[in-house]
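Taking it in order: structure first as structure tokens, then the write-up.
Since every read-out is calculated from the coordinates, none of them should be taken as a lab result. Keep in mind it's a predicted model, so treat the numbers as computed, not measured. When we count neighbours, we look across all protein chains shown, and the Cβ atoms used for this are built from the backbone with ideal geometry, even at glycine.
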């Protein structure tokens with residue numbers, strides 16, 4: 001994973017680097033019920049992040065992950081042809097760094113979970129696969145001692161579709177706010193946002209170090 005550049009692999013992955021300084025806020029002016037497919041995408045996203053954080057919490061409890069010194073950063077991008085029978089795509093591993101090799105197996109699995117854009121992308125023409133449309137997406141995740149950060153970015157066919165999807169995703173996140181949620185799940189929902197910039201949609205989760213330490217405390221359930 002660490003040394004890969006651009007290759008064809010039998011999996012899905014994600015898009016380009018983006019400048020978030022000029023994000024466009026979506027004004028919720030549409031009374032739209034979130035489609036089940038988007039609800040499934042949000043549910044799986046939350047489950048994937050919760051699974052990874054529970055793994056970090058166990059390592060922390062066993063003294064194998066130090067929240068003060070442990071650091072990691074991974075980023076991947078993918079173009080995936082829109083064909084019924086072929087799941088091969090063009091995959092680019094941009095970053096894979098961890099200060100602790102005990103984190104590597106969990107990071108590799110987490111990277112695999114994040115590499116399909118959660119079916120939020122549109123099929124678009126691309127020079128990479130002549131005559132075949134493809135979806136484009138990208139993810140980045142890191143912990144730098146200050147925050148746990150995850151960004152999944154997908155490309156839509158127009159700025160209008162990007163704005164609409166960002167609004168739907170924000171509405172859908174609210175559906176998952178339940179009293180029965182675990183502390184980690186509740187924290188993920190409260191710290192996740194969806195925004196659009198041009199024809200891109202960004203799903204971003206930011207958990208500050210203090211919040212992560214609280215979730216990893218021995219008495220946290």
A student applying the Cα gyration tensor rule (rounded when a/c is under 1.5; otherwise prolate if a/b is larger than b/c, oblate if not) would label region 63-127 prolate
Expected sort for 102, 212, 124 with the fewest Cβ neighbours (10 Å cutoff) up front is 102, 124, 212
Where a ≥ b ≥ c are root eigenvalues of the Cα gyration tensor, a/c under 1.5 meaning rounded, otherwise prolate if a/b exceeds b/c and oblate otherwise, region 84-200 counts as oblate
The rounded separation in angstrom of the Cα centers of region 176-221 and region 80-123 is 21 Å
Nearest-0.05 FRET efficiency for residue 66 and residue 175 at R0 = 45 Å, using Cβ-Cβ distance, is 0.80
Expressed in nanometres to one decimal, the distance between label points 7 Å along Cα→Cβ at residue 43 and residue 127 is 4.1 nm
